[in-house]
Each structure stands twice: as structure tokens, then as C-alpha cells.
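One structure is given below, encoded as C-alpha cells.
The values are calculated or read from the model by the stated rules, or taken from the named source; none is laboratory data. What you see is a predicted model; the values in this text were computed from it and never measured. Cβ placement follows ideal geometry from the backbone for every residue including glycine, while neighbour counts extend to all protein chains displayed. Please note that ligands, DNA and RNA were not included when accessible areas were found on the heavy atoms of the full protein model with its side chains. Shrake-Rupley method; radii C 1.70, N 1.55, O 1.52, S 1.80 Å.
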Amino acid sequence: MFDILTAIYYDDLHDLRGKRILKPPYTTAENALCECLDTLDPETAKELKQRFRIVAIEQRDKAFLRGSRFGAQLMAELLEGV
């Protein structure tokens with residue numbers, strides 16, 4: 001628990017992120033995206049893939065922090081009555 005809180009506090013979520021974006025095993029959405037990217041020329045596909053990764057990582061980190069904060073707030077409210 002301390003490691004998770006420390007990572008959140010210092011905004012260092014590298015060890016808590018889980019599976020890398022657009023790396024096997026693919027989710028259904030990633031698979032569909034990769035199929036679309038395969039129809040493009042290699043340079044364009046590579047650049048779009050990198051941009052998709054950046055957006056997905058930002059959204060994943062924000063969602064993780066929102067969930068963590070919600071959990072912390074819920075825990076604090078539950079412990080108020082104890």
C-alpha cells in the first residue's frame with residue numbers, strides 16, 4: 001500500500017500501469033486499431049501509433065488517479081465513523 005501511495009504522491013506510476021498500450025496481447029479495440037493502421041503507409045502508421053499511445057497513456061494515468069482518489073475519499077468517509 002505504501003508503494004502505491006508513494007507512486008501516486010510523486011506522480012510516478014510506471015510500475016502500476018499494467019499492460020503496455022498497443023503491445024500484444026491486444027485488446028479488441030487495439031486489434032481493430034492495428035488493422036486500420038496496417039492499411040496506411042508505414043511512416044504514417046508509425047506516427048499515428050505513437051500519437052495513439054500518448055493519448056491512451058495519458059487517459060490511463062488520469063483514470064488510475066481518479067480511481068485511487070475516489071478510493072481514498074471513500075476510505076476516509078468510512079473511517080470517520082469508526
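Could you tell me whether segment 26-65 comes out rounded, prolate or oblate from its Cα gyration tensor? Rule is a ≥ b ≥ c as square roots of the eigenvalues, rounded for a/c under 1.5, then prolate if a/b exceeds b/c, otherwise oblate. Since a/c reaches 1.5 but b/c is at least a/b, the shape of segment 26-65 is classed as oblate. Computed with a 1.4 Å probe over protein heavy atoms only, the accessible surface of the chain comes to 84 Å² per residue. Between Thr28 and Thr6, the contour length at 0.36 nm per residue exceeds the alpha carbon distance by 4.6 nm.
Extending 7 Å from the Cα toward the beta-carbon at both Ala45 and Arg20 defines two label points whose distance is 1.8 nm. Ligands, DNA and RNA left out, the accessible area of the chain computed with a 1.4 Å probe is 60% carbon and sulfur. Take the Cα of Val82, step 7 Å toward its Cβ, do the same at Ala63, and the gap between the two points is 3.0 nm. Restricting the trypsin sites (Lys or Arg not before Pro) of segment 13-82 to loop positions (DSSP other than H, G, I, E, B) with no more than 11 neighbouring Cβ atoms within 10 Å leaves Arg20.
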